[in-house]
Structures are given as C-alpha cells and as structure tokens.
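In what follows, a single structure is set out as structure tokens and then discussed.
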Amino acid sequence: MKKARASKQFLEELRKVPIVQVACEKTGISRNSVYRWRREDKKFAEDMDTAITEGVAFVNDMSESQLLTMIKEKNWSAISFWLRHRNDNYKNKIEVTTNERIDELTPEQQKVVKQALKLASLTKQKSIRRIKKKN
C-alpha cells in the first residue's frame, strides 16, 4: 500500500478513535511505520496531531451525549458527576470564613499553614506513603 493512501486511512481512523495502536490495527500499519513517518514528514506529524485533537473532541462529544442519556434515565452517579464538574455549588471545595481580624499569623500558625500547603501539593499516593512512614 502506498504511503499516501495508507497514511490517509490511518488519519481517518485516528479521527474516530484517537489511539495510535487502535488506528494501526484497523489499517494494518505498524506503529514503527507511523512514528517513522511522523519523524520524517513534518506535514504528516501536523496532520496526525490534528487528527488526534479531532478524535479526542469526537470522543468527548460522544461521552457527554452518553452522560446526558444517563442523567435522563435518573442515574445518580451520572447526575452527581455532572453537578460536581459543571456546577460550582456542588464542587468539592473548602471555604473558611471568620469574623476575626488578625494582622499577622503567629509562628505556630505559620508552621501549620506551611505544613498544610506542603501536604496539599502532594498526590494522594505520596501522602499515604509519607503517613505510613511516620507511623
């Protein structure tokens, strides 16, 4: 199969499912060939990036459509997911308010805030490992 025809078919598949391995399997083209074309052909690399972007948008549209169908069917998980990700009133957040006016934090408060910020920046896995090590 000529490269032009094969690459065109590959890019069409990539627009449907933005996974290189799947597009390779559907077109019978090896991943090595695809990545060689990508390295050697700037236009193909650009077209491949565009196809992946279009494919991701297509899958996102399908996913949102399915999510809306599930919401219409009163699926609680779908409803909860939509609200937590699309409505500020349902997002996971912590809000701290106070009536006290404090100009400066005490050294102890500074230490607590610093530790909280440090922990907030860690992933759950790292936090769990760190806690286990301390215990």
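The values are calculated or read from the model by the stated rules, or taken from the named source; none is laboratory data. Please read all numbers here as calculations on a predicted model, not as lab measurements. So basically every Cβ, Gly included, is an ideal-geometry build from the backbone, and we count neighbours across all protein chains shown.
Taking residues in region 19-47 that are within 15 Å of Lys8 (Cβ to Cβ) and in a loop (DSSP other than H, G, I, E, B), and partners anywhere that are of a type in the set (Phe, Trp, Tyr) and at pLDDT 95 or above, the pairs with Cβ atoms closer than 8 Å and at least 6 places apart or on different chains are Ile29/Phe10. Taken over region 56-71, the residue count meeting the criterion of being surrounded by 11 or more Cβ atoms within 10 Å (Cβ to Cβ) and of a type in the set (Ser, Thr, Tyr) is 1. Taking (1) within 27 Å of Val22 (Cα to Cα); (2) among the acidic types (Asp, Glu); (3) free of Cβ contacts under 8 Å to residues at least 24 places away in the same chain in turn, Glu73 satisfies each apart from (1). Spot the failing condition for Asn32; the list is (1) closer than 27 Å to Asp61 by Cα; (2) out of contact with any Phe, Trp or Tyr (no Cβ under 7 Å at 6 or more places or on another chain); (3) of a type in the set (S, T, N, Q), and only one is missed. Exception for Asn32: condition (1). Set side by side, the residues Ala51, Ala6 differ, and just one is surrounded by 14 or more Cβ atoms within 10 Å (Cβ to Cβ), in a helix (DSSP H, G or I) and modelled with pLDDT of 95 or more, which is Ala51.
Of the residues examined, Lys74 is one that is on the phi > 0 side of the Ramachandran plot and loosely packed, with under 13 Cβ neighbours inside 10 Å. Regarding region 85-97, can at least one residue be identified that is modelled with pLDDT under 90, of a type in the set (S, T, N, Q), in a helix (DSSP H, G or I) and over 16 Å from Lys3 (Cα atoms)? Yes; the residues of region 85-97 include at least one that is modelled with pLDDT under 90, of a type in the set (S, T, N, Q), in a helix (DSSP H, G or I) and over 16 Å from Lys3 (Cα atoms).
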